[in-house]
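Reviewing the structure listed below.
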Amino acid sequence: MSFLTCFSRYRTIWLKDLDTVQIIDQRHLPHEFVIEDVLSLDEMCVVIKDMHVRGAGLIGCAAAYGMYLSLRKLCTSSSVEQVRECLQNASKKLCATRPTAVNLRVGVEKVGRAVESVLGQNGGGSVEAALEAARKEAARITDEDADFCRRIGEAGADLLQKLYERKKSSASAAEGELKINVLTHCNAGWLAFADWGSALSPVYAAFDKGLPIHVWVDETRPRNQGASLTAWELAKHGVAHTVIADNAGGHLMRTGLVDVVITGADRVSSGGDACNKIGTYLKALAAKDNNVPFYVALPSSTIDWQLRDGAEIPIEQRGDDEVKYAEGLCEDGKRRRVLLTPESSSAGNWAFDVTPSRLVTGLLTERGLAEASEEGLAALFSEVDRT
Ligand code: MRU
């Protein structure tokens with residue numbers, strides 16, 4: 001059962017009409033479900049930068065629709081040169097919104113190429129043809145994102161089933177009490193993509209097949225994507241879960257309460273290093289020390305084939321306020337933010353970290369499991385030009 005059938009037919013992004021992209025404004029979750037209209041390139045840049053939408057796959061789709069919206073503002077008599085200029089400007093603005101997830105750049109480039117292919121025909125194409133090409137490509141990228149994530153779920157569910165069988169054959173607990181405990185960090189569920197998710201897609205697929213499963217949800221300070229988004233998704237789907245403080249994972253792994261860690265990724269290098277939400281690296285270290293398998297789930301659009309070493313991935317730094325303040329629903333039902341630190345304290349806010357491939361048990365992709373190495377990825381994606 002896809003999210004489309006189990007939750008009022010929503011994806012995270014869609015075209016309402018030719019002038020309007022609609023998104024779920026994730027800043028309001030888990031307390032309010034708000035749909036926002038996005039009408040222009042500049043609005044889309046704000047939506048991405050201020051994280052109304054977030055997550056690697058989804059910001060790739062949003063950026064693709066941003067390219068489309070930029071062309072909507074051109075008049076029909078615009079020249080081919082004006083179309084190209086418009087897209088160059090849009091590409092620059094969109095790529096400046098968030099630097100880490102490679103999907104954003106990939107989405108922008110794919111729409112640029114799709115438009116160029118119609119502009120190039122017969123020495124020049126119309127604005128209408130360019131618009132249609134951009135719209136179709138943005139929709140294709142979005143459908144592909146959902147499809148890749150669904151396939152990650154299928155491959156990951158098999159993996160979880162195997163872990164369950166192994167646990168069953170070695171455990172002393174009665175079968176009825178046995179379950180697989182997954183630990184995840186941040187939100188790599190359907191909210192982070194067009195649909196399904198990467199790290200949570202195997203959880204949904206395994207749960208839908210009847211596998212007993214429970215998820216430890218890292219709250220994921222400073223923006224709390226785990227506590228607010230992952231917990232909300234899992235609750236909606238009926239999956240048993242427990243929100244934990246970010247620092248609890250090591251203790252849970254050491255005391256045998258975690259069978260597997262699955263996280264998402266914002267960019268994976270061609271050598272298999274995985275960049276994900278800040279704190280992921282510490283989870284990988286704890287997993288290694290406790291022989292807990294650590295998988296990173298990602299669609300191939302998250303692989304940066306041009307970059308071999310994960311240390312070169314640009315790490316986004318966000319404002320101090322995200323660390324200094326916490327925001328939530330107060331007892332009077334109003335949403336407020338509260339200051340946690342002395343007003344004068346400064347704060348550091350690195351949004352992502354890189355987990356080296358040696359700590360990653362495997363990369364779970366739409367084509368199945370790859371070893372986290374250049375050879376492992378090359379074996380699964382042999383057609384990709386890495387130059
Ligand atoms: O800053 P965000 O919320 O856009 O961060 C992205 C993430 O949600 C995570 O790092 C996630 O695990 C990978 S994106 C699917």
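Structure notes:
- Equivalent-ellipsoid semi-axes of segment 319-359, from the Cα gyration tensor, Å, largest first: 29, 16, 7
- A dipole drawn for segment 109-237 from +1 and -1 charges on Cβ atoms has a positive end, and of 229, 182, 130 the residue lying farthest that way is 182.
- With Cα atoms, 0 to 90° folded angle of helix 127-170 axis to the chain main axis: 10 degrees
- Summary value for segment 1-90: 21 percent relative contact order, contacts being C-alpha pairs under 8 angstrom separated by 6+ residues.
- Ranked 126, 300, 198, criterion: other C-beta atoms within 10 Å, fewest first: 126, 300, 198
- Modelled this way, with points 7 Å down the Cα-to-C-beta line, the labels at residue 169 and residue 15 are 5.1 nm from one another.
- The value for segment 4-100 of Rg(Cα) / (2.2 N^0.38 Å) is 1.14.
- Net charge dipole size for segment 224-302 [Lys, Arg +1 and Asp, Glu -1 on Cβ; Debye, nearest 20]: 20 debye
- By DSSP, the beta bridges lying fully in the chain are antiparallel in about 55 percent of cases.
- Cα-based shape type of segment 331-384, given that a ≥ b ≥ c are square roots of the gyration tensor eigenvalues and the cut on a/c is 1.5: prolate
- Mean separation of Cα contacts under 8 Å, 6 or more apart, over the residue count of segment 236-387: relative contact order %: 28 percent
- Highest mean packing comes first when the peptides 160-170, 211-221 are listed by Cβ atoms within 10 Å, giving 211-221, 160-170.
- With Cα atoms, 0 to 90° folded angle of helix 102-119 axis to the chain main axis: 30 degrees
- Kirkwood hydrodynamic radius (C-alpha pairs) into Stokes-Einstein, segment 44-143, 4 °C and 1.567 mPa s, D in µm²/s: 98 µm²/s
- Extending 7 Å from Cα along the Cβ direction at residue 208 and again at residue 129 yields two label points whose distance is 4.0 nm.
- Antiparallel DSSP beta bridges within segment 290-387, as percent of all bridges there, nearest 5: 75 percent
- Both radii are taken from the alpha-carbon atoms of the chain; with Rh as the Kirkwood radius, Rg/Rh is 0.98.
- Relative exposure of 80, 239, judged by other C-beta atoms within 10 Å (fewest first): 80, 239
- Estimated from helical segments only, the mean residue ellipticity of the chain at 222 nm is -12000 deg cm²/dmol, where each DSSP H run of four or more residues counts as -39500 (n - 2.57).
- Helix 280-289 and the longest principal axis of the C-alpha atoms of the chain enclose an angle of approximately 30°.
- With contacts taken as Cα pairs under 8 Å and at least 6 residues apart, the chain reaches a relative contact order of 15 percent.
- Pairwise FRET efficiency - residue 143 versus residue 73, Cβ, R0 = 22 Å, nearest 0.05: 0.30
- A simple charge model with +1 on the Cβ of Lys and Arg, -1 on the Cβ of Asp and Glu and nothing else charged puts the dipole of the chain at about 360 debye relative to its Cα centre.
- Each part reduced to its alpha carbon centroid, segment 178-237 and segment 304-341 end up 19 Å apart.
- Residue 379 versus residue 315: modelled label distance in nm, points set 7 Å from Cα along the beta carbon direction: 3.1 nm
Each reported figure results from applying straightforward, stated rules to the coordinates on display, with no laboratory input. The model shown is predicted, which means the values in this text are computed figures rather than measured ones. Cβ sites come from the backbone with ideal geometry, for glycine too, and all protein chains shown count toward neighbours.
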